[in-house]
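Here's the structure we're looking at; comments come further down.
Please treat every number below as a calculation from the coordinates, not as lab data. None of the values given here were measured: they were computed from a predicted structure. Cβ atoms come from the backbone with ideal geometry, glycine included; neighbour counts cover every protein chain shown.
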Amino acid sequence: MYPIHLGIVGAGTVGGGLLQALARNGSLMASRLGVEFIVTRVAVRDPKKARSIPVPTDRITNDWRAVVKDPAVQVVVELIGGTTTARDVVLAALRLGKPVVTANKALLSAHGPELFAAAASHGTNLYYEASVAGGIPIIKILRESLAGNQILSMHGIVNGTCNYILTRMKLDGAEFADVLADAQRLGYAEAEPSLDIDGHDAAHKTGILASLAHGSWVKPEQIHTEGIRHLSKLDIGFASQLGYTIKLLGVVKLLDPVGKARPARVVGRKGRSQSDGRRAAVQVSVYPALVPDSHVLASVNFAYNAISVHGDIVGETLYYGRGAGQDPTASSVLSDLADVALDLKHGSTQRVPPFVPHASQCPVVPLAEVVSRYYLRLSVADRPGVLAKIASVLGKARIGISSVIQPEGHEGEIVPLILMIHDATNAAMQKALQRIARLSVVKAPPVMIRVEAFS
Ligand code: NAP
Ligand code: HSE
């Protein structure tokens with residue numbers, strides 16, 4: 001049995017889950033892998049805090065440096081979160097040539113290339129399966145299982161907290177603030193929950209997936225990001241009546257030069273079209289979207305995540321599982337530990353490097369240039385001629401209306417008007433919305449939600 005000594009920095013939701021999982025399945029892993037994981041040191045903020053898996057006092061400390069530097073520690077597991085101390089922890093370990101396992105998507109998103117370079121130059125590796133979609137092994141799938149595919153599109157529900165909130169709002173009619181408190185209590189939310197509800201956590205994850213698929217590291221500022229804070233039960237209800245479910249989606253899509261999804265057969269190396277030589281680009285964005293109820297992502301509920309990945313050779317594939325919380329995330333950390341163990345055992349430190357810039361390298365296109373469909377809810381004066389005024393603004397912008405619904409049961413001087421809008425660029429739609437908002441018959445800021453076509 002090959003012993004592997006772990007230094008774990010952070011024993012909160014995920015770190016605590018890891019300690020429990022090792023206690024439960026450590027010997028199973030030993031029998032499968034021929035290695036024994038030994039928790040040698042643990043760093044936390046407050047060593048006196050009561051923990052579900054108590055750590056012996058001689059192994060627990062509030063000094064992460066002591067853990068990283070301890071000559072007995074072979075592998076460092078960073079589970080504290082954030083981008084400051086966590087970066088110091090990871091860099092310090094890599095510079096000592098120690099492999100690092102992390103679940104920290106915010107850190108990877110902001111500092112990925114620096115950390116990957118440190119791992120390479122110090123002859124070690126960085127493992128991050130738990131950073132995206134909890135227990136779903138999506139990093140391994142993109143880096144290894146689908147390595148032979150050009151990735152045409154990915155649509156992901158990658159934030160468990162938002163999916164939990166949207167599901168409870170739809171199924172129970174619950175209020176946003178109450179459900180957020182439940183998501184925090186269940187250990188799904190980040191320490192700073194605005195990272196979840198304002199879409200940043202989903203953007204960190206979507207950026208990691210886009211980078212792996214398209215070969216250059218996507219920075220958070222390149223990702224158009226919208227959260228779910230502004231969504232109302234009203235829109236969730238109208239969407240449902242129309243046959244849609246609202247989900248926070250991470251979207252990564254190869255586009256042709258006019259902003260439309262690119263067909264598989266025309267995308268070649270370095271993102272160049274094989275037929276016309278023009279450069280493809282990639283959409284990387286996070287926004288709430290109407291998902292048709294007939295699409296499988298519409299029925300992914302609560303803290304479950306799912307990612308549909310369309311490869312040019314494999315076609316459509318789907319990955320589903322628990323996306324947040326203690327146990328599923330611990331499962332992905334264990335998966336990384338299994339890789340570390342085999343790499344250490346066989347002396348193959350960069351067998352699968354953390355990130356390899358590669359051939360397709362498409363630029364990220366601004367969302368303004370991307371063509372979408374839209375759901376539009378307007379609060380309008382209840383009098384004749386209103387629709388004509390709105391249709392005229394859209395007509396002048398060459399934006400087509402596919403349907404109009406004036407839901408029954410809304411009486412008074414101001415009533416809702418729902419329009420479903422055909423393909424238009426986001427720039428054209430924004431411009432038209434500004435004009436619509438200025439019409440005297442429109443009594444509140446328009447609500448626009450994209451409709452995902454999954455083309
Ligand atoms: P958490 O519950 O807040 O736990 C953080 C842990 O880090 C605590 O044990 C804390 O100590 C310790 N800590 C904080 N600052 C420290 C410092 N300076 N030195 C030593 N220890 C320190 O966070 P979490 O939910 O486990 O998340 C950890 C990481 O996993 C984050 O990067 C998060 O994004 C990621 N992640 C979380 C989930 C999830 O579902 N929660 C899923 C996937 C990925 P005390 O216990 O003494 O306070
Ligand atoms: N806060 C994150 C979520 C944890 O809700 O998805 C899992 O990464």
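At 1.002 mPa s and 20 °C, plugging the Kirkwood radius over alpha-carbon pairs of the chain into Stokes-Einstein gives what diffusion coefficient in µm²/s?
Working: Rh = 23.4 Å.
It diffuses with D of about 91 µm²/s by this estimate.
Choose one of Thr102, Cys162, Ala210: the residue whose Cα lies farthest towards the positive end of the charge dipole of the chain (beta-carbon charges +1 Lys, Arg; -1 Asp, Glu; about the Cα centre).
Positive-end residue among those listed: Ala210.
Quick check: the distance between the Cα centres of the stretch 1-77 and the stretch 97-120, to the nearest angstrom?
Between the Cα centre of the stretch 1-77 and that of the stretch 97-120, the gap is 20 Å.
Treating the beta-carbon of each Lys and Arg as +1 and of each Asp and Glu as -1, no other charges, what is the dipole magnitude of the chain about its Cα centre, to the nearest 20 debye?
Taking the Cα centre of the chain as origin, the dipole is about 960 debye.
If amide hydrogens are placed 1.01 Å from N in the peptide plane, which non-local residues have theirs closer than 5 Å to the one on Val314?
Here nothing satisfies the definition.
Can you tell which of Ala306, Val67, Ser392 lies farthest toward the positive end of the dipole of the chain, using +1 and -1 charges on the Cβ of basic and acidic side chains (Lys, Arg; Asp, Glu)?
Comparing the listed Cα positions along the dipole, Ser392 ranks first.
Classify the stretch 140-322: rounded, prolate or oblate, from the alpha-carbon gyration tensor (a ≥ b ≥ c, eigenvalue square roots; a/c under 1.5 rounded; otherwise prolate if a/b is larger than b/c)?
On the way: a/c = 2.10, a/b = 1.81, b/c = 1.16.
Prolate, since a/c reaches 1.5 and a/b exceeds b/c.
Assuming a ≥ b ≥ c are the square roots of the Cα gyration tensor eigenvalues, decide whether the stretch 2-127 counts as rounded (a/c under 1.5), prolate (otherwise, with a/b larger than b/c) or oblate.
Working: a/c = 1.64, a/b = 1.24, b/c = 1.32.
The shape class here is oblate.
222 nm [θ] for the chain, helices only, -39500 (n - 2.57) per DSSP H run of 4+, per residue, to 500? It would help to have the intermediate numbers written out before the result.
Details: 12 runs with 151 residues, N = 455.
Dividing the helical sum by the residues of the chain leaves -10500 deg cm²/dmol.
Which ³J(HN,Hα) values, rounded to whole Hz and listed in residue order, are derived for the stretch 44-51 from phi using the Karplus coefficients 6.51, -1.76 and 1.60 in 6.51 cos²θ - 1.76 cosθ + 1.60 with θ = phi - 60°, glycine and proline given as x?
Per residue, the Karplus-derived 3J(HN,Hα) values read 9, 6, 10, x, 8, 4, 5, 10 Hz.
Filter the cross-link list Lys48/Lys98; Lys233/Lys431; Lys69/Lys140; Lys205/Lys396; Lys105/Lys253 down to pairs whose alpha-carbon distance in this structure exceeds 31 Å. Each step should come with its number before you reach the end.
On the way: Lys48/Lys98 28 Å; Lys233/Lys431 26 Å; Lys69/Lys140 29 Å; Lys205/Lys396 38 Å; Lys105/Lys253 21 Å.
In this structure, Lys205/Lys396 exceed 31 Å between Cα atoms.
Tell me which lysines have Cα within less than 20 Å of Lys49's Cα, excluding those fewer than 8 residues away on the same chain?
Cα-Cα hits under 20 Å: none found.
Work out from phi, with θ = phi - 60° and the Karplus expression 6.51 cos²θ - 1.76 cosθ + 1.60, the ³J(HN,Hα) of each residue of the stretch 159-170, listed in order in whole Hz, and give x for Gly and Pro.
10, x, 4, 5, 5, 4, 5, 5, 5, 5, 5, 6
Ranking request for peptides 113-126, 194-207, 24-37: highest mean number of other beta-carbon atoms within 10 Å first, then the rest in descending order. Numbers along the way, then the final one.
Numbers: 113-126: 18.2, 194-207: 25.4, 24-37: 14.9.
Descending packing order for the listed peptides: 194-207, 113-126, 24-37.
Can you work out the Karplus-derived ³J(HN,Hα) for every residue in the stretch 83-90? Use 6.51 cos²θ - 1.76 cosθ + 1.60 with θ = phi - 60°, whole Hz, and x for glycine or proline.
For the stretch 83-90, the Karplus curve yields 10, 9, 4, 4, 5, 4, 4, 5 Hz.
Tell me, what is the percent relative contact order of the stretch 2-127, built from C-alpha pairs under 8 Å that lie six or more residues apart? Don't jump to the answer; show the numbers that get you there.
Numbers: 213 pairs, mean separation 31.4, N = 126.
Once normalised by length, the contact order is 25 percent.
Percent relative contact order of the stretch 140-322, based on C-alpha pairs within less than 8 angstrom and at least six residues apart?
Details: 336 pairs, mean separation 59.9, N = 183.
Once normalised by length, the contact order is 33 percent.
Near the amide H of Ala174, under 5 Å away, which other amide H atoms are found, from residues 5 or more places off or on another chain, if H is placed in the peptide plane?
Met169
Using Cα-Cα distances under 8 Å and only pairs 6 or more residues apart, what relative contact order does the chain have, in percent? Show your work: numbers first, answer last.
On the way: 960 pairs, mean separation 74.7, N = 455.
Computed over the chain, the figure is 16 percent.
Assign unit charges at the C-beta atoms only (+1 for Lys and Arg, -1 for Asp and Glu), then state the dipole size of the stretch 370-451 relative to its Cα centre in Debye, rounded to the nearest 20.
In total the dipole reaches around 460 debye.
Quick one: work out the % antiparallel among DSSP beta bridges in the chain, nearest 5. Numbers along the way, then the final one.
Values: 53 of 77 bridges.
Around 70 percent antiparallel, to the nearest 5.
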